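Below: the structure, in C-alpha cells.
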C-alpha cells in the first residue's frame, strides 16, 4: 500500500485502483499457498506496530468475500484494536465480551457493507489480553467460529512486543507476515520470523507493505513473497 494510505477500504471504495488489484493478486497467491489442505483460519501479524497488518487483513477479507466466499474477520489485537475503525463499526461488543460470557458469538458478529463479510471486533480492551487469548474460552471460540464462515482471517498483534501473536499461532492453519518497508529493522524482522517458526505454524508468505516503486506508468504498492518453507 502507498505510504499516504489512510486505512480506507480501497478494495470497496476504488476497485479499479492498482492497490485493489494488488489485493486480488494476494488473494490468488493464498489460494495456491496450500493445494493439499484447506486453509480456513489465517492470522496476520507483523514485527512491530504501524506496519499495516490491519489494513492488509481488512482489505484482503473484502477481496475474498467478493468471490462469494463467506468470510469472518476477527480482531484479536486486544491491546490496540483497529479493525472496527477501518470498517466504521461499534466496539462495545466483540471478542472480549464473547470470551467473558457477556455475549454469544453469533450476537457479537457484525455485518459490513461488503456482502459475505462479517467482523468480530476486539471489544473493550481487557486488563489481561494474553490470559484471555490463552483461555479455554478462546479455544472454544476459534473452534466455533469456523462453522460460521468458509474463511476466518485474524488480525493478530505484532510478534515482538507481546506474546499474543505466538499464542494465536497455535489456533490457526497459517500465518501471513506483514513487513512495513523501512519500518522493521532486518534483524528484528528476522527474529520475529524465527519466533513464529518456533510455534510450528506454517508461515504462508510475507507481504512487504508501504513500498512504492514504478513499473512504466503504474505504481505498485506491495510485494508478496511465499515462505521459504514452501520451497
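The values are calculated or read from the model by the stated rules, or taken from the named source; none is laboratory data. Fair warning: this is a prediction, and the values are worked out from it, not measured in the lab. When we count neighbours, we look across all protein chains shown, and the Cβ atoms used for this are built from the backbone with ideal geometry, even at glycine.
Quick notes on this structure:
- Residue within region 85-93 that is under 20 Å from residue 46 (Cβ atoms), without any contact (Cβ under 8 Å) to a residue 40 or more places away in the chain and out of contact with any helix residue (DSSP H, G or I) (no Cβ under 7 Å at 6 or more places or on another chain) present: no
- For residue 107, the requirement of being over 22 Å from residue 60 (Cβ atoms) and without any contact (Cβ under 8 Å) to a residue 24 or more places away in the chain is met.
- Filter pass, residue 100 being over 15 Å from residue 152 (Cα atoms), in contact (Cβ under 8 Å) with a residue 12 or more places away in the chain, crowded, with 21+ Cβ neighbours inside 10 Å and more than 17 Å from the chain's Cα centre (by Cα): no
- Selection within region 56-76 - out of contact with any strand residue (DSSP E or B) (no Cβ under 6 Å at 6 or more places or on another chain) and either closer than 16 Å to residue 126 by Cβ or assigned to a loop (DSSP other than H, G, I, E, B) (or both): 66, 67, 68, 70
- Criterion: crowded, with 20+ Cβ neighbours inside 10 Å, under 26 Å from residue 8 (Cα atoms) and more than 14 Å from the chain's Cα centre (by Cα) - qualifying residue of 123, 174: 123
- As a summary of the residue check, residue 39 satisfies the conditions (1) modelled with pLDDT under 95; (2) more than 30 Å from residue 186 (Cβ to Cβ) except for the one numbered (2).
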